[in-house]
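Everything on this sheet refers to the single structure shown next.
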Amino acid sequence: MTGHTITITGASGKLGRAVCEELATRVPPSLVTLGTRSPESLQAYSVAGYRVMQVNFDEPQTVEEAFRGAEAMLLICGHGSNEARIRQHTDAIDSAKRCSTGRIYYTSFTNPTKGSLFPFAKVHEASEAHARASGLRHTFLRNNHYAENLEDALLRARSSGELSLPGARGKVAYIVRQDVAAATVGALALDKPEPSYEVSGPEALDLFDVAELASEAWGRKIIARDMPADEYGRLLTARGLAPFVVEGQVGIRLACGAGEYSEITRDAEQLAGRALRTMLQYLLTFSEGTRLTQSPGASLQRHTTP
């Protein structure tokens, strides 16, 4: 990797931390600024030589200070309603334009169009459009569905033997988060990256395929069921999730069923410079222990924007 300066927003989140892990082997910490709402959560990175800064999308001046002079700015999609995130991303891109001549990298999502059944696709469409209009150099990393987005359903399947979600018959090119991080760092390393990359996993699977692989990985029979969307909505609502989160989670599963995420590309593999993990490999390492301390629905709220 060349010696250019890099700023990462959302650095204390799961993707942000995974990107930091990948960067650690390729660039000196002194060239990396980590932006987060909670700098105390990244104290270990600060000790290791990273520049850790308070960055709050609702306070654009903090974004501008973190972006100032950076040659590569990784804008990891935030959380919240469509309206809130479009405003946050618009402000962040405007901040980048005011204080840097570098390139902005935005973690978008597969099929970022208003026509998508996934309601949050509108966020990505609007954010990409604003980045294009800004005049900044830009690269969009259109990440497919994380394999980790299946965690809650897999936990239910481990106890019940049934893997059930809406859109079960739709093929999805699931990708493991660490592979997304590796691909992201690969893009950051390029002198002349493309305007966009379709970051998919190595195989397209429906939920019945995943159930077969889970049976193999766990040594017990797992069946799949195409859960009605209204049933899924009630399940999420009962967990206390906000209405916009419920809408997003139901919508993304309907988009899965419609085949919106079935395309397989080699972009992630080529950017990462290594083979990507398969669903079977993910399932073999899937552990309930990593999730037992989380509150109900916590991962669902985080994963509404992969």
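The values are calculated or read from the model by the stated rules, or taken from the named source; none is laboratory data. Keep in mind the model is a prediction, meaning the values are calculated, not measured. Please note: Cβ atoms are built from the backbone with ideal geometry, for glycine as well, and neighbour counts cover all protein chains shown. Side chains included, ligands, DNA and RNA excluded: accessible areas come from the protein's heavy atoms. Shrake-Rupley method; radii C 1.70, N 1.55, O 1.52, S 1.80 Å.
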For the chain, longest principal axis from Cα atoms; helix 14-23 axis from its Cα atoms; angle between them, nearest 10 degrees, is 60 degrees
With a point put 7 Å past each Cα toward its Cβ, work out how far residue 192 is from residue 284 in nm, to one decimal. 4.0 nm
Cleavage-rule hits, trypsin sites (Lys or Arg not before Pro), the range 1-96, DSSP coil, Cβ neighbours within 10 Å at most 10: none
What is the percent of Cα-Cα separations in the range 38-126 that go past 18 Å? 50 percent
Subtracting the Cα-Cα distance of residue 239 and residue 83 from 0.36 nm times their residue separation yields 53.8 nm
Rounded Å value of the spacing that divides the Cα centres of the range 129-197 and the range 42-107: 20 Å
Amide H proximity to residue 172 below 5 Å, modelled H, separation 5+ or other chain, gives 205, 206
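Find the relative contact order for the chain and round it to a whole percent, using C-alpha pairs within less than 8 Å whose residues are 6+ positions apart.
About 18 percent, as a whole number.
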Just the C-alpha atoms of the range 160-272: what Rg/Rh do they give, with Rh taken as the Kirkwood radius? 1.05
Helix axis angle, 207-218 relative to the chain longest principal axis, alpha carbon, degrees: 90 degrees
Would you work out what percent of the accessible area of the range 17-70, with all protein chains in place, is carbon or sulfur (probe 1.4 Å)? 50 percent
Modelled label-to-label distance, residue 221 and residue 43, 7 Å Cα→beta-carbon offset: nm? 5.2 nm
Distance in nm between residue 162 and residue 97 label points, each 7 Å along Cα→Cβ, equals 5.2 nm
Counting only heavy atoms of protein chains, what accessible area per residue, in Å², does the chain have with a probe of 1.4 Å? 40 Å²
Carbon and sulfur: what percent of the range 187-239's accessible surface (1.4 Å probe)? 51 percent
Considering the dipole of the chain built from charges on the beta carbon (Lys and Arg +1, Asp and Glu -1) around the Cα centre, which of 285, 109, 39 is farthest to its positive end? 39
Cα-based Debye curve of the range 23-82 sampled at q = 0.29 Å⁻¹ gives log₁₀ I(q)/I(0) of -1.36
When the dipole is taken about the Cα centre of the chain, and only Lys, Arg (+1) and Asp, Glu (-1) are charged at their Cβ, what size is it in debye, to the nearest 20? 260 debye
